[in-house]
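The values are calculated or read from the model by the stated rules, or taken from the named source; none is laboratory data. All values derive from a computational prediction rather than experimental measurement. Every residue, glycine as well, gets a Cβ built from its backbone with ideal geometry; the counts of neighbours run over all protein chains shown. Ligands, DNA and RNA are stripped out before the accessible areas are found, and what is left, the full protein with its side chains, is counted by its heavy atoms. Shrake-Rupley method; radii C 1.70, N 1.55, O 1.52, S 1.80 Å.
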Amino acid sequence: RAPPSRVNPRLVGMSSSLTDAPATSESPKSPFKSVCVYCGSSTGNRPEFVHAAKALGEALAHRGVRLVYGGGSVGLMGAVSTSADKCGGKVLGIIPTALEPVEVSGDAVGEVVVVKDMHERKAAMASASDAFIAMPGGFGTLEELLEMITWQQLGYHSKPVGVLNVGGFFDLFLSFLDQSTESGFIRPEARAIVVVGDTPETLLDALEKYKAPVSLIHSLAKESKVE
């Protein structure tokens, strides 16, 4: 295999790599050119986590959708990216300089964009993607997922956000969101931002049909005028 293409976005203006996802005419048509996947840099201790990651990579490739992820080849991140690549899909990994060494993140597939730090990485991943999917993971996965939910709630983007609930992994998280909604901290329309699917295909189908709610900022402004 040829080595992955590595790009420093400060030299190319983050333009071509982060926005251009080549279409594949043989694949089923999808409204998404690129989907960002957040997931663990470890595989976890249940085989279904890796199986689901591979299935998601395959599903994205078959739909002609480019995978955007955090780079490297370790854990679930490696499983989803390697699967997408083997199935003929396009892959874009965005990784900070500190995590770039092979000893840390392993060999990557597809194209790799090296950025300065975690903040730049998250911004680049968000800019390059039309939708976001969280798989099982730890602190980083949860932080990235919640940021995308929060940004949509405030109206900074209207891109679909989903969780692949492998083996009920996100059940407690979803219960927390329900409890926060019942307690008056999350509005029902904001709670609906989180799209849930048990398999890659059902989740992608739901994300493709998603319509973003009115932003919280717009709703608060409208309510203040009524009062």
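Things worth noting here:
- The listed residue being under 30 Å from LYS209 (Cα atoms), of a type outside the set (Ser, Thr, Tyr), touching a residue at least 60 places away in the same chain (Cβ under 8 Å) and open to solvent by 10 Å² or more (accessible area, probe 1.4 Å), out of ALA55, ALA59: ALA55
- Residue list for the range 152-197, restricted to those being free of Cβ contacts under 8 Å to residues at least 40 places away in the same chain, small (Gly, Ala, Ser) and closer than 21 Å to PRO136 by Cα: GLY168, SER175, ALA192, GLY197
- The set of residues from the range 43-85 being basic (Lys, Arg) and within 21 Å of ALA123 (Cα to Cα) comprises just one member, ARG66.
- Any chance GLY88 is at pLDDT below 95 and among the small types (Gly, Ala, Ser): no
- Qualifying positions in the range 57-76 - of a type outside the set (S, T, N, Q) and farther than 14 Å from LEU164 by Cβ: ALA61, HIS62, ARG63, GLY64, VAL65, ARG66, VAL68, GLY70, GLY71, GLY72, VAL74, GLY75
- GLU147 without any contact (Cβ under 8 Å) to a residue 60 or more places away in the chain and either acidic (Asp, Glu) or touching a Gly at 6+ places or on another chain (Cβ under 9 Å) (or both): yes
- Of the helices (runs of 4 or more DSSP H) contained entirely in the range 63-158, those carrying at least 2 residues that are of a type outside the set (A, V, I, L, M), over 22 Å from ASP205 (Cα atoms) and open to solvent by 20 Å² or more (accessible area, probe 1.4 Å) fall at 75-86, 118-128, 139-154.
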